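Engineer: Dropping the structure in here first, questions after.
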């Protein structure tokens, strides 16, 4: 079975939404992060980052633990922006496929508790399975992923 034909964990994005610029927050995270978005998001500001070299052959648990360590070392100015943010979330991305019939990801109680202590939440984003080329989409359906605009504007700035 090809990799594209199986449901797979993609990565964990750290997403922060605030009424004030998050540029200093992103800077406080240092060079360990790849910035997916930093700046205006509608009437608010958003910072969406992922760790460099994360996702490939790693579990959500290991990536989250690395992000937690990074957050624990933030300078005070970045921590202040984190604490004042409206939304703080660890977004776990999954690419769905037709197989296997079930797919599970687990997080340790310690990681869930650490995220809770940071007043953050855990979000799962599951991207729909692509229709195989031999099976046309049902009438009125599209086989393409929805555009960014069709996804929730309050929580998805990164993809």
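The numbers here are math on the coordinates, done by the rules we state, and not lab data. This structure is a prediction, so every number in the text was calculated from the model and none was measured. So basically every Cβ, Gly included, is an ideal-geometry build from the backbone, and we count neighbours across all protein chains shown.
Engineer: Pairs of alpha-carbon atoms within less than 8 angstrom and 6+ residues apart define the contacts here; what relative contact order does segment 3-150 have, in percent?
Structural biologist: Computed value for segment 3-150: 29 percent relative contact order.
Engineer: Applying 1/(1 + (r/R0)^6) with R0 = 22 Å to the Cβ-Cβ distance of residue 87 and residue 6, what FRET efficiency is obtained, to the nearest 0.05?
Structural biologist: Efficiency, from the Cβ-Cβ distance: 0.10.
Engineer: Note the full-extension length gain between residue 27 and residue 117 as 0.36 nm times their separation in residues minus their Cα-Cα distance, in nm to one decimal.
Structural biologist: So the chain would gain 30.2 nm between residue 27 and residue 117.
Engineer: Would you give the gap between the C-alpha center of segment 64-126 and the C-alpha center of segment 20-50, rounded to a whole Å?
Structural biologist: Taking the Cα centre of segment 20-50 as reference, the centre of segment 64-126 is 15 Å away.
Engineer: Please work out how much length the chain gains when fully extended from residue 80 to residue 126, using 0.36 nm per residue of separation minus the C-alpha to C-alpha distance, in nm with one decimal.
Structural biologist: 13.4 nm
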